[in-house]
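Every number here is computed from the coordinates shown, using simple stated rules; none is lab data. Small disclaimer: the values here were computed from a predicted structure and weren't measured.
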Amino acid sequence: MYLAPPNATHLNEDDNQSIQNLFTDRTMSNYIKVAALADVPVGGSKLVEVNRIRVALFNLDGAIHAIEDVCTHDGGPLVEGTIVDGYQVQCPRHGARFDIRTGAALSFPAFEPTNTYAVQIKDGEIWIEEPR
Ligand code: FES
């Protein structure tokens, strides 16, 4: 069954693709399929976008984590940061560090955590809790 969104006539092509993905790729309530597990090798990262929210996927020793790709200091792209001490990402702009597992801000100049999203792996695909 397809449920047309109420304002479907006002959506652009990207919006329609996003909505189609929501309706066709979702098999777990509130989770969205975002990438193949093979796309994020151990020690690697990948940027995805869901609902116009940028999400950075990180693979820490085989465990996938998803955090919002926004440094809370000044919006730096965390997916472009450096992984340090095995579980922290250092923002490429001014060096704030975040715990990839929890989103917690660990060092100046960031004080607020960044959002995190629950992850599930199913049949070699990465699913994340739908960002809102
Ligand atoms: S934008 Fe990330 S530390 Fe400033």
Show me, for region 91-99, the HN-Hα J-couplings you get by feeding each phi into the Karplus relation (A = 6.51, B = -1.76, C = 1.60, θ = phi - 60°), rounded to Hz, glycine and proline as x.
4, x, 7, 10, x, 4, 10, 10, 7
Sequence-distant or interchain residues sharing an amide H contact under 5 Å with Arg54, placed H: which?
Asp69
